[in-house]
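The values are calculated or read from the model by the stated rules, or taken from the named source; none is laboratory data. All values derive from a computational prediction rather than experimental measurement. Reconstructed Cβ throughout: ideal geometry from the backbone, glycine too, with neighbour counts over all protein chains shown.
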Amino acid sequence: MTFGGNSMILTTYAKSTGECIRAITTHRRLLLALIKRELSDEYVSHGLSIGWTFIHPLILMLVYLFLFTEVFVTRVTVIPGSGANAVVYLLSGIIPWLAISQVMSRSAMSVVGNGAIVKQMSFPLELLPIKTLAGPFMFAGISLVFLIVYGLWITRGSILPAYLLGLPPLVIITSMQLAGLALLLGCLQVFVRDLKEFVNVFLTIGLFIHPILYLPNAIPAAVRPIIYLSPFSYLIFCWQNVLFYGEVGWIWAWVVSVAFAVIFFVLGARIFVVTKNHFGDFL
Amino acid sequence: MTATPPIVHGLQVGPPLEVAICLDGVSKAYKLYDRPFSFLKEALTGRSYHRDKIVLSDISLTLQRGEILGIIGRNGAGKSTLLKLIAGTLAPSAGDIAVNGRVAAILELGTGFNPNYSGRDNVILSALMRGMSEEAVRRKFDSIVAFAGLEGVIDEPFHTYSSGMQARLAFAAATAVEADVILIDEALAAGDVRFAARSLRRIHDICQSGVTALFVSHTTYHVMQLCTRAIWIDDGRIRMDGAPIDVTRAYDYEMLDAIARDNGRTSASLGTKGDRRSGSSAMSEASVEAPVPALETAGLERLLNSAHALKSAADESEVPRAIGAQSPVQVEAVVLEPALVELATGQVGRCAEAELAADAPERLRLKEAVQEPARPGNLSRGQSNGKLVVGETALATCAPFSLTPSVLESSDACAAPKATLKESTFESPVDAIMRPTATAKDKVGFAEGKRNTRFSTGQYRMLDIAFLDRAGRRTHTFRFGETLRLVVGYECLMPELPEYSCGLAAAFRRTTDFEPVMYFNTNYPHSNEELLRYFDAPFRNYFGRTGRIEAVIDPLQLRAGEYHVSLGLLPNQPGPHEFYEFERAYCCINVLANGFDEPSVFYPIVQWTNGPLEN
């Protein structure tokens, strides 16, 4: 392929990405309203309504806390200098994984599930998959607060600076990865209706093929490469890096995560922008 | 985009010709894949694995700003697809679409409404999703709620609303959107009659506000009233493009033709003069098979009234000819049939069904009918042990414009003219001009070549139509308060004369807005009493291969203005009928003011008194 061809491809991808970002930024008020609706959707007309948004993650975190401290004897060795215990390690992997899996399963249905809107309204369709990030992020945010409070209490406040330093870039990287993933799954599900099942299978085994419940070197060397095949392993490394080890080490994990964030988003935006005009034909 | 030009007295001031929508060779084909993975295979290999289902082919259309385009066509002709293409929710398979300005599409009501949220939340979010700014939503919110008439319950969950309330709110929210181009797809039929009228008024206001609008409707009368231009889409192509009156007329004729073909058995069962008996039994058979949608309330009332008349007749153990039920066959129920009701709009009257057992009064559903005292009459023979069969038409035509869903509030203003109907042989010496001479044909523009502007079943045809003044001169210009004589010569084209005599129906519509103002015909009995002596009227008792029907309206009580006249030949029959032939907007009648221009459509003849206060 010639250089000219390469730059052409780059331009088209940049254009689609720009279009996608513009659709989100120009309609941010609408996105905000949709996110509000998305968050209250699950619990509307429930007695505690929005309260469930908080109760649900807190109860889950308490259950994990109880399981990992009282029921299971975990094999995670506490890294000297961290001061945090195994529970912090487990939760710092589980929380991002929950966000990833929720986004993946919800965004796959984001376009297909809103067929009426897609077919009847002139509407910035990018918002449909993007808004599915709201629920999982809310869930993860509340869990994260729980984890940070717990972590501070365990380590007597020693890991706070690392949180402050590492969290903002990590949240941005994660959002970008998941936004791209949501766009990708949202539009592909329209054309390949089996996609949702593939996603569900992946999510079911995902908890075990990612280094969430164990340390990477705790499994046999023969199967270890599987861990490194999934892009989410690197993201989870980064989260453990910040929340458990309390440092921004492991530069290679960060580099790979940033790369995947860019790839996911650009690819997702491109495919979404190209295919969105044909949604109407397939819904 | 560009601001809407200011409106001055309904005239649009601003850039005179600005293209709002331009479609160039637009086609749309849905790809049908036999297997789900065919799509993937196609995307990967580049080879075609689908069949095309062509919905629209080669549509080219340019709309200027401010044009109101009516789109008519059969179900599945591609009307909605066209709107979706312009709205951008579908991509064309070929061709270009350019839309200048912001588009608001009202393709379906209630999209994006969540039943669990309050009406308020739903209105706000749906308005935002249709592209309104938050500020505009806040500004318009109260008027939306007021329009829907839901001020008291707007904060209650949407699912607690009745379906009518839901539709009203959805319509109000959808039409509040400000845009340069508005696409409306059959969104009118929401709520009760009052709200339907308000909805139509809203659509009317939107159309008048200088926006460009595309309006899909099956109600050709609305298209005539609202649109400045109409297209007829048939089988994915633009079959006709032009003035709404021409396009809707052509479309209606074809629809009626199709209906006549569908109802072939009913038509045939009209029978000939000698065999009225078998006619009615055949009719009942056909009517049982006809699908029967619900009857509107107004129609039901008339139905009850007529059941009244019917029952009183049945009580006499005698059925007058009018009811057409001397059938020896025992028929199960009174079945009211679909009938072509409205001549002028070409709308098809609703089918109606009512069952009543004439032989068993205590089983009669309609209690009033049971209590009706036996009516003395000159009824002499025939046992009506069986149940009766009557058609609906006689009832329906009592108020043809209110039976059909003409929802403009004022559209029921249909005045009964003082018309005297006469019928004589066609060879009557009274009017030599009635002979179908070449000159006469030319004068009223009726010629064989013009026949395609008429709907005809080929059973009867109008030979000549003349509007005459008091002196018997042909004219299309009349003066308020003078005499208008309408003369129609007809000819039977069937080998045998049918059972019923040939009648005439005429409808006058005001040209400015196609509002119906006058409808009269020979087959409508003006009262229950007349229904009993239906065939005694001389104008219903003439049978001939040719004939001449004359209606004298004296005085003409129409205000100065221009009126479209639609004419039709139909059987003088109280039961179901179809028009033999009719022509919509046959010609224009010009009425001049006589001294003062009266400020209304209809000027009644009033007997005034004025005197001292006591008594």
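For the reader, a short list of remarks on this structure follows.
- Just one of the numbered conditions (1) free of Cβ contacts under 8 Å to residues at least 60 places away in the same chain; (2) part of a helix (DSSP H, G or I) is not true of B:F171: (1).
- Within segment B:507-550, considering residues that are assigned to a helix (DSSP H, G or I) and among the acidic types (D, E), the one surrounded by the fewest Cβ atoms within 10 Å (Cβ to Cβ): B:E529
- Criterion (assigned to a loop (DSSP other than H, G, I, E, B) and either of a type outside the set (V, I, T) or touching a Pro at 6+ places or on another chain (Cβ under 9 Å) (or both)) met by exactly one of B:G152, B:G131: B:G131
- From B:F467, B:F446, residue being modelled with pLDDT of 90 or more and under 23 Å from B:E562 (Cα atoms): B:F467
- Single condition B:E134 does not satisfy, out of (1) touching a Leu at 6+ places or on another chain (Cβ under 9 Å); (2) without any contact (Cβ under 8 Å) to a residue 60 or more places away in the chain; (3) within 11 Å of chain A (Cβ to nearest Cβ); (4) buried (at least 22 other Cβ atoms within 10 Å of the Cβ): (4)
- Scanning segment B:176-211 for residues that are crowded, with 21+ Cβ neighbours inside 10 Å and among the hydroxyl-bearing types (S, T, Y) returns a single hit, B:S199.
- Any strands (runs of 3 or more DSSP E) falling wholly within segment B:33-105 and containing at least 3 residues that are within 14 Å of chain A (Cβ to nearest Cβ) and under 14 Å from A:D281 (Cβ atoms): B:50-64
- Segment B:123-176: number of residues that are within 36 Å of the chain's Cα centre (by Cα) and more than 17 Å from A:R29 (Cβ to Cβ): 32
- Scanning segment A:93-123 for residues that are over 13 Å from the mean Cα position of the chain (by Cα) and of a type in the set (S, T, N, Q) yields a count of 4.
- Residue satisfying all of: in segment A:260-283; away from every other protein chain (no Cβ under 14 Å) and in contact with a Phe, Trp or Tyr (Cβ under 9 Å, 6 or more places away or on another chain); farthest from A:L10 (Cα to Cα) among these: A:F260
Every residue, every condition in (1) of a type outside the set (F, W, Y); (2) in contact (Cβ under 8 Å) with a residue 12 or more places away in the chain; (3) within 30 Å of B:S600 (Cβ to Cβ), yes or no:
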site: B:E482; (1), (2), (3): yes, yes, yes
site: B:F520; (1), (2), (3): no, yes, yes
site: B:E530; (1), (2), (3): yes, no, yes
site: B:D536; (1), (2), (3): yes, no, no
site: B:F543; (1), (2), (3): no, yes, no
site: B:G547; (1), (2), (3): yes, yes, no
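- Every pair of residues 6+ apart whose Cβ atoms lie under 7 Å, when the first sits in segment B:498-510 and is acidic (D, E) while the second is part of a strand (DSSP E or B): B:E499/B:T272
- Residues that are of a type in the set (G, A, S) and either farther than 27 Å from B:V216 by Cβ or at the interface with another protein chain (Cβ under 7 Å from one of its Cβ atoms) (or both), drawn from segment B:106-118: B:G112, B:S118
- Checking the stated criteria, A:L144 turns out not to satisfy the condition of being outside any helix (DSSP H, G or I) and either touching a Lys or Arg at 6+ places or on another chain (Cβ under 7 Å) or closer than 28 Å to A:I55 by Cβ (or both).
- Among the residues of segment B:175-198, not a single one is over 30 Å from B:A585 (Cα atoms) and among the basic types (K, R).
- Residue count for segment A:30-49, restricted to those that are out of contact with any Leu (no Cβ under 7 Å at 6 or more places or on another chain) and either buried (at least 16 other Cβ atoms within 10 Å of the Cβ) or more than 10 Å from chain B (Cβ to nearest Cβ) (or both): 10
- The requirement of being surrounded by fewer than 24 Cβ atoms within 10 Å (Cβ to Cβ), of a type outside the set (V, I, T) and either touching a Cys at 6+ places or on another chain (Cβ under 7 Å) or in contact (Cβ under 8 Å) with a residue 40 or more places away in the chain (or both) is satisfied by A:L167.
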